[in-house]
1. Considering every residue within region 162-174, establish whether at least one is small (Gly, Ala, Ser), farther than 18 Å from Gly13 by Cβ, surrounded by fewer than 24 Cβ atoms within 10 Å (Cβ to Cβ) and out of contact with any Cys (no Cβ under 7 Å at 6 or more places or on another chain).
2. In the set Ser12, Ser36, which member is assigned to a loop (DSSP other than H, G, I, E, B), crowded, with 22+ Cβ neighbours inside 10 Å and touching a residue at least 60 places away in the same chain (Cβ under 8 Å)?
3. Answer yes if at least one residue in region 200-222 is more than 30 Å from Val287 (Cβ to Cβ), among the aromatic types (Phe, Trp, Tyr), in contact with a Ser or Thr (Cβ under 9 Å, 6 or more places away or on another chain) and surrounded by 15 or more Cβ atoms within 10 Å (Cβ to Cβ), and no otherwise.
4. Just checking, does region 118-128 include any residue being part of a strand (DSSP E or B), within 18 Å of Met185 (Cα to Cα) and among the hydrophobic types (A, V, I, L, M, F, W, C)?
5. Exactly one of (1) under 18 Å from the mean Cα position of the chain (by Cα); (2) surrounded by 18 or more Cβ atoms within 10 Å (Cβ to Cβ) is unmet by Leu261. Its number?
6. If we keep just the residues of region 88-105 that are within 12 Å of the chain's Cα centre (by Cα) and at pLDDT 95 or above, which is farthest from Lys179 (Cα to Cα)?
7. Restricting to region 44-89, what's the tally of residues that are of a type outside the set (S, T, N, Q), more than 22 Å from Phe101 (Cβ to Cβ) and part of a helix (DSSP H, G or I)?
8. Within region 186-203, does at least one residue satisfy the condition of being in contact (Cβ under 8 Å) with a residue 24 or more places away in the chain and more than 23 Å from Asn135 (Cα to Cα)?
Amino acid sequence: MANNKLAIIGGSGLYDVEEFTDREMLSIDTSWGKPSDQILKTKYNNNEVFFLPRHGRGHFISPSKINFRANIDALKQLGVTDIVSISAVGSLKEDHFPGKFVIVDQFIDRTFARNKTFFDDEIVAHVSMAHPTSNGLMNACEEAIKLENINYQRGGTYVVMEGPQFSTLAESNLYRSWKADVIGMTNMPEAKLAREAEIRYASVSMVTDYDCWHPDHENVDVQQVIKVLLDNAAKAKNMIKNLIKNFENHIDPNDPANNCLDVAIITAPEKRSQKTIEKLKYIAGRVLNNEN
């Protein structure tokens, strides 16, 4: 249990948790460049926890420009075993009103301009994404949300669009026809990379708007989103504190992320250069070093 470390990746509106007074800001270098910003290392309730603002503090990184690989590699370097993503999203269903939280368990990846794997040079790996989120972490998130009396839904599908523009009406209606629950711009390839890094992952989506499909609501705009974001962020910070206290109680020994690289790497050992093995030392060193 003592080796489990939690990281929170904060999305739009969640750039810090000011209540964390035991603060150390870490600058991490990775084989894929710098992460979005310095990573906050803190202790809360005697638990070590890390916080990374996905868009940078002050929100200066567009969704397509986020260095997702550097973010995940940096957290892996720090020994992170569990990531909870907290993201602002649009609603694709009538009953997902602004202010509601959705604990996502599935994704539809519609992004096209991003680096989506650590295994793109010499070493090829195919990890399963059938169940992209951790059931144990979702249990922890649900418990943490309940303590704050936040209106929420357990389970839902998140459409990840490229952005940074919001949807056209035709696109929004298409995604609704797929029975998806929410739409956002950032959980892919984040969830895929976390799986490749053997980090358990969960996603809590905070609804800010009805995208553009709802006939009784104005089309989404940034000012409208910011207003709801501020309220959601306050609720999310309390949820995070509850989560830090309880997440280790929900570790799933059978989680699909645990040791998934054991059956994922297909490249013959003699085809793997030492340079690439070194590049992947944090992500896949457990497997590659045992095979060499």
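1. Within region 162-174, one or more residues are small (Gly, Ala, Ser), farther than 18 Å from Gly13 by Cβ, surrounded by fewer than 24 Cβ atoms within 10 Å (Cβ to Cβ) and out of contact with any Cys (no Cβ under 7 Å at 6 or more places or on another chain).
2. From the options Ser12, Ser36, the qualifying one is Ser12.
3. Taking every residue of region 200-222 in turn, at least one turns out to be more than 30 Å from Val287 (Cβ to Cβ), among the aromatic types (Phe, Trp, Tyr), in contact with a Ser or Thr (Cβ under 9 Å, 6 or more places away or on another chain) and surrounded by 15 or more Cβ atoms within 10 Å (Cβ to Cβ).
4. No, region 118-128 contains no residue that is part of a strand (DSSP E or B), within 18 Å of Met185 (Cα to Cα) and among the hydrophobic types (A, V, I, L, M, F, W, C).
5. (1)
6. Ile103
7. 9
8. no
The values are calculated or read from the model by the stated rules, or taken from the named source; none is laboratory data. None of these values were measured; they are calculated from a predicted model. Neighbour counts are summed over all protein chains in view; Cβ atoms, including those assigned to glycine, are modelled from backbone coordinates with ideal geometry.
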